[in-house]
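Single-structure report; data block below.
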């Protein structure tokens, strides 16, 4: 079978599987819609969390980013996994004991204030919309590259699929589709990685292959350092970023990860507090399988690319280079007219332009793997984008139906609430699709926003809400607003208002916009403490609530008001 | 219950200290010193930044799970 047939077949089969699961797990109550009835096993929740978390960016772009930044790319590897330690130790068990359905639920109850709840809802909606637009775009890109469909059609098909199982199945449907999506995406990621690792280093485990030797007996990483240095680049294993910027970005990504509402809400779906702890552990295991393979895929990818193009005659380049030239992900321009490709650090003489997504998307072709593997990678990229999109859409619909409608109109019936949740999910799908087709030019830029905002708004108030009995309503609201306004201003200034000033010389203390969430978080903590100690402590019933969530005993099923 | 909470906080402090050292310490602050040591084909600091820290995170969470389940039973605040 040819490549296109395989791709249609595998992507089609995976879609049929997701729809089948959605019909089988249809949600019938608000509790099933919001938290899957609170009866998901820790293992299933771990798998679902991993799929929820790993987005189109993790699957398609992360390895490529590391390929071109080497050691500097470590911020993503550490940042996007280390957050789970914070989540497991500091947030998940207590939020599960609290036993409601959303992050704004917790903020509103713990800080006995609907104002605090509304601030939290706005943060949650903003973060989720930024993120979901990127996922829809990812779906469209996969469709256009592999299935030769226009991006618009890809987005519409992706919307239809997500619409079907998120609107119908709610959290219950999403959870079990995410379990299936994890299996698809991890298989699709590892198969090419294993083959490439064998070809390059003789070791079938990519994580070990990264430390292995290439054919001439030299360690791969040393060889890569040498090759890149010869071409005028930084060595692969040492970076350009300053240690302080690395530090700030990593911390912002970690704390942001722990504060993302669509990840936190997954821990409301397990039956007991100890299941919440355990499922965070499982989730990180499943995430780590991909995240430890990614640096190997990255190093193999850049090594193979340089070996097969640098100083090679343009008319004898391998087939995959010419294939991906058609999609404009690889560009070659023979500037000095010698008929060969020069890949160099100096932009004036460099003749090869490679999109970062190539390292994963073209990996089966680089390793000369059969056509079905290419189809598999397409299905995997789709699974990664769809699973994350669904989790985000659920946060959006829950925020609207529960945190806004139910809070201010407590008399509405459960049936009506469920209908509002479904309408909100449908509206969110349409809006996300619109942004997928007409992406605001800054989609890639605003990812920094999502993490920065989660770090500077949610994380401090949730943490202090559990670990301090003194932090009160006034402190929490002031803290969230201070962190939010500061972080939004800093990022907007350097990304949108004066992008030409976005260099290390102009940053405050050398902190890039990606890392500013760390400072926003610190500011949130400071303001939160300061204001709380100047105003009266929280009332007795809130003190009791805090004592209550600190011990696991007595966690019922996730309950309603 | 105060003793339970205090022991919980001690556990957290220890585990978060290790969390900090393996990632921010070994992976960023002392990476150059560690890079003079080799682990197979890896420089040690680079290995911590791209792989070792992630393995450590997984182990830390499972130590936490085991430790907290034991603590819950000791103070009879477990769920069954």
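Here the spin labels are modelled as points 7 Å beyond Cα on the Cα-Cβ line, and at residue B:5 and residue B:20 they lie 2.2 nm apart. Where the alpha-carbon atoms of chain A are placed on the principal axes, they occupy 78, 53, 41 Å, in descending order. Between residue A:68 and residue A:496, the modelled label-to-label distance comes to 2.4 nm, taking each label 7 Å out from Cα in the direction of the beta carbon. In chain B, the longest principal axis of the Cα atoms and the axis of helix B:53-74 are about 10 degrees apart.
If you take the beta carbon distance between residue B:13 and residue A:526 as r and set R0 to 22 Å, what does 1/(1 + (r/R0)^6) give as a FRET efficiency, to the nearest 0.05? Intermediate results must be reported in sequence, preceding the final value.
Numbers: r = 21 Å, r/R0 = 0.97.
For residue B:13 and residue A:526, the calculated efficiency is 0.55.
Rounded to whole Å, the principal axis extents of the Cα atoms in segment A:1-128 read 61, 45, 28, largest first. Each distinct pair of alpha carbons in segment A:314-354 adds a 1/r term; the inverse of their mean, the Kirkwood radius, is 10.6 Å. Across all C-alpha atoms in segment B:2-74, the radius of gyration and Dmax reach 15.3, 49 Å. Within segment A:196-314, all pairs of alpha-carbon atoms sorted by distance into 10 Å bins from zero give the percentages 11, 29, 27, 21, 10, 2, 0.
Only Cα pairs under 8 Å and 6+ residues apart enter the sum, and on that basis the relative contact order of chain A stands at 30 percent. The ranking of A:508, A:24 from fewest to most other beta carbons within 10 Å of each one's beta carbon is A:508, A:24. Taking 18 Å as the cut-off, the amide N atoms of segment A:269-309 that come nearer than this to a point 7 Å along the Cα-to-beta-carbon line of residue A:229 belong to A:303. Under the simplified labelling scheme, the residue A:326-residue A:308 pair shows an inter-label distance of 1.6 nm, with each label point 7 Å from Cα along Cα→Cβ. Distance between the C-alpha centres of segment A:1-76 and segment A:162-208: 7 Å, rounded to the whole angstrom. Take residue A:9, project a point 7 Å from its Cα along the Cβ direction, then tell me which residues of segment A:358-372 have their backbone nitrogen under 12 Å from it. Backbone N within reach: A:371-372.
Once the Cα atoms are used to define both axes, helix B:2-20 deviates from the longest principal axis of chain B by about 10 degrees. Counting beta carbons within 10 Å around each of A:467, B:48 and listing the fewest first gives the order A:467, B:48.
Grab the DSSP H runs of chain A that are 4 residues or longer, score each as -39,500 (n - 2.57), total them, divide by all residues and round the 222 nm result to the nearest 500 deg cm²/dmol. Computed mean residue ellipticity for chain A: -21000 deg cm²/dmol. By the count of neighbouring beta-carbon atoms within 10 Å, fewest first, A:394, A:208, B:14 end up ordered B:14, A:208, A:394.
So, R0 is 25 Å and r is the distance between the beta-carbons of residue A:153 and residue A:24; what FRET efficiency does that work out to, to 0.05? Once the sixth-power term is evaluated, E becomes 0.35. Between the helical axis of A:516-534 and the longest alpha-carbon principal axis of chain A there is an angle of about 10 degrees.
A short reminder: the numbers here are calculations on the coordinates, not readings from a lab. Source: prediction; values computed, not measured. Neighbour counts run over all protein chains shown; Cβ positions are idealised from the backbone, glycine included.
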